Amino acid sequence: MAADLINQKEIVPENYKLLISEETIQKRIVEMGSEIYNDFKDDKPILIGVLNGGFIFLADLIRNINIDLEIDFIRISSYGDARESTGHIKVLKPLSADITDRPVIVVEDIVDSGLSIEFLENMLSAFNPKILKFATLLNKPSKNQIDIPLDYIGFDIEDKYVVGYGLDDTQFKRNLRSIYHVE
Ligand code: 5GP
């Protein structure tokens, strides 16, 4: 059976404007992967994907880091279905891996206020990892409320609500291959 997307109905609404194309995302992830490779080639890091938004980025990123690595996931909630951080963060799915004395890279889809990263840094530091670094595909510098120790940033973007490539619009649209902003 022929398998392609050509005959499938378009799911990009008219009020979505292309911000970062699939090709540009993939090129940048190759670069980020080689930065991480250079920093961790003598280690066996654990990459922790932050659910739900970070799962596609994590999947593409690890296939561009050609070293032995583990993955785990954590799920935290701060926004619910809203578009602004409430600042009240809960752990919805804790880590499974033991990260004590291990090199750890937290993989986020997007950093906005930075409160999620601050929360994760406090929480994960308590396990005494050997190294704790943060990677994010997107960063909104104008929204950052705290001095965030981001080690790998894919793209700095303006303060606009973005969707696609794992990022949701009220839980939908995560399956878009490019990143759009909603007008
Ligand atoms: P922060 O704690 O830095 O304010 O927010 C981080 C989380 O908020 C992200 O992991 C993501 O789930 C959500 N978020 C922040 N900005 C956006 C955005 O523009 N679009 C979407 N879909 N989620 C966002």
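Read the figures in this text as sums done on the coordinates, not as results from a lab. Model, not experiment: these values are computed from the prediction. Cβ placement follows ideal geometry from the backbone for every residue including glycine, while neighbour counts extend to all protein chains displayed.
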For the chain, percent of DSSP beta bridges that are antiparallel (nearest 5) comes out at 35
1/(1 + (r/R0)^6) with r = Cβ-Cβ of V182 and D98, R0 = 41 Å, i.e. FRET efficiency to nearest 0.05, evaluates to 0.55
I76 and K27 label points (each 7 Å along its Cα→Cβ direction) are spaced in nm at 3.3
About its Cα centre, the chain carries a charge dipole, from +1 on Lys and Arg Cβ atoms and -1 on Asp and Glu Cβ atoms, whose size in debye to the nearest 20 is 300
For the chain, whose charge dipole is built from +1 on Lys and Arg Cβ atoms and -1 on Asp and Glu Cβ atoms, the candidate among F172, P103, M123 with its Cα farthest towards the positive end is F172
Along the dipole axis of the chain (charges at Cβ: +1 for Lys and Arg, -1 for Asp and Glu; origin at the Cα centre), the most positive-end residue among I11, G33, L58 is I11
XL table K140/K173; K44/K173; K130/K160; K93/K173; K44/K143; Cα-Cα > 30 Å flagged, in table order, is K44/K173; K130/K160; K44/K143
Length gained, V12-R63, 0.36 nm per residue minus C-alpha separation, equals 15.7 nm
Ranking V91, S142, V162 by how far each Cα lies towards the positive end of the charge dipole of the chain (+1 on Lys and Arg Cβ, -1 on Asp and Glu Cβ), the top one is V91
